[in-house]
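Okay, so here's the structure we're looking at.
A short reminder: the numbers here are calculations on the coordinates, not readings from a lab. Just so you know, these numbers come straight off a predicted model, no measurement behind them. A quick note on method: Cβ atoms are made from the backbone with ideal geometry, for glycine too, and the neighbour counts reach across all protein chains shown.
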Amino acid sequence: MNKIEATLKMKCPRCHEGDLFTTKNHFSWQKLTKMHENCPKCNLRYERESGFFYGAMYISSIINMVFFVAATIAYYVYFDERVDWRIYIWSYVLFTVLITPFIYRLSRSIWLEIFNDYKPQIE
Ligand SMILES: [Zn+2]
């Protein structure tokens with residue numbers, strides 16, 4: 001598993017085996033934000049200092065901006081005046097709301113990956 005695959009699968013950045021979150025379901029509202037404190041495989045402490053994950057907000061902002069720019073470009077390229085412009089706006093709002101749980105988790109996974117190197121465990 002490479003770094004990108006481990007990030008997308010939300011695995012521990014050090015061993016690429018342990019899960020970051022207690023459930024794989026991004027849409028389980030009660031457990032959406034529940035993370036393991038330490039990696040279940042290699043025991044890496046995920047929140048290295050209190051407030052560590054505030055930085056992940058920058059990552060999620062960047063991802064959201066990328067989506068917004070892509071949607072704006074797509075709007076100008078594919079705009080069809082037979083379709084009410086509000087349909088485009090509300091589709092985008094709905095899309096953003098639906099992917100928010102995934103983006104929340106992905107940004108934490110990317111943030112952890114930035115600060116930790118891959119060191120496979122030798123057993
Ligand atoms: Zn690990």
So what is the calculated 222 nm ellipticity per residue for the chain, using -39500 (n - 2.57) for each DSSP H run with n of 4 or more, over all residues, to the nearest 500 deg cm²/dmol?
-17000 deg cm²/dmol
Estimated FRET transfer efficiency (PHE52, THR100; beta-carbon r; R0 22 Å; 0.05):
0.60
Two-site label geometry, GLU5 and ASP117: point separation in nm, points 7 Å out along Cα→Cβ:
2.2 nm
Taking every pair of distinct Cα atoms and averaging 1/r, then inverting, what Kirkwood hydrodynamic radius in Å comes out for the chain?
16.1 Å
Roughly how tilted is helix 85-115, in degrees to the nearest 10 and between 0 and 90, from the longest Cα axis of the chain?
20 degrees
Peptides 98-105, 24-31 ordered by average Cβ neighbours within 10 Å, highest first:
98-105, 24-31
Which of ALA74, LEU32, ALA56 sits farthest toward the positive end of the charge dipole of the range 3-115, with +1 on the Cβ of Lys and Arg and -1 on the Cβ of Asp and Glu?
LEU32
Using the Cα centre as the reference, give the magnitude of the dipole from point charges on the C-beta atoms of the range 3-115 (Lys, Arg: +1; Asp, Glu: -1; all else neutral), rounded to the nearest 20 debye.
400 debye
For the range 1-15 and the range 58-103, what is the centre-to-centre distance using only Cα atoms, to the nearest Å?
27 Å
Remind me, relative contact order of the chain in percent, using alpha carbon pairs under 8 angstrom and six or more residues apart?
38 percent
